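Structure first, then comments.
The values are calculated or read from the model by the stated rules, or taken from the named source; none is laboratory data. Everything numeric in this text was worked out from a predicted model, so none of it was measured. Note: ideal-geometry Cβ built from the backbone for every residue, glycine included; neighbour counts use all protein chains shown.
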Amino acid sequence: MADIINSAAASALASGHAGNFGGFGGFDMKGASMGKPVQGVVQPMGQALPQLSVRATGPGADIRWEDFNYPPGLRLIHFDLTELPLRLRKTVRLLNLSFLLTAFVCFLNVVDTAIFVFNGLSRAQWLVQSLLHVMLLPPAALGTFYLGYRGVAAPEPLLVHRFQFAQLALAFFAVMLATFPYKCVNGLLSLAYLSSADMEAFHVIVILVESGLWMLVALLAVLNVAAIRRINVLPNNRDAVYGSPPAKPLR
């Protein structure tokens, strides 16, 4: 009986039907030996998911986004101009300048408002409002800067799109702060409401300086949007902007 079984198995292998012998559900020995995909066999991950093997080159590949180093002391985001192509650094400097200028004007307003409060020319609530501006506006400007910075550095068109809306919104708000007076806000129209003769000269200087700086913030915001639109981070323009093709899967 054993001789009969062995001879039957040998004849099945010789005729090329080993895939159906023993009920293995269509396992093709010939296909497996040639390295072809076989039904019912799990392929190696490198073959099944070739998109996971990506060349570590291209724009944004060498930026250490997890290294939070900015602003100094707070370390909320990653920012390093040396990691960017030279042609992008001027634009990113202007984006950062918009954030720095916004923060500077807010802190300047706190100092000016505190002087007015201590001299009895303003209410204490105005100082609270000025401190709220410090808590809200610089973080909003920092978030907007990061959208633009990461959008052009990665590059990521969606972030660039969001940056433009956020930057224009901040520009509109800066124009309002530069024009209209409201409690601690020393808009340009505050000149029509001056009444204290002993502090009038200082108050005029405060109004002119703060309103002028807010107008500069608004102008810089518009220039930043125009500069970002000129860069054009869409995929069909990345070679011209970044000088190297985007990351491609290894074959």
Every pair of residues 6+ apart whose Cβ atoms lie under 7 Å, when the first sits in segment 175-189 and is at pLDDT 95 or above while the second is part of a strand (DSSP E or B) and among the aliphatic types (A, V, I, L, M):
LEU177/VAL185
With the condition kept exactly as written, say whether any residue in segment 119-134 is touching a Leu at 6+ places or on another chain (Cβ under 6 Å) and either over 21 Å from VAL206 (Cβ atoms) or not hydrophobic (A, V, I, L, M, F, W, C) (or both).
no
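Out of ALA197, ALA226, I need the residue that is assigned by TED's automatic domain parsing to the domain that holds HIS133 and at pLDDT below 85. Which one?
Going through ALA197, ALA226 in turn, the sole match is ALA197.
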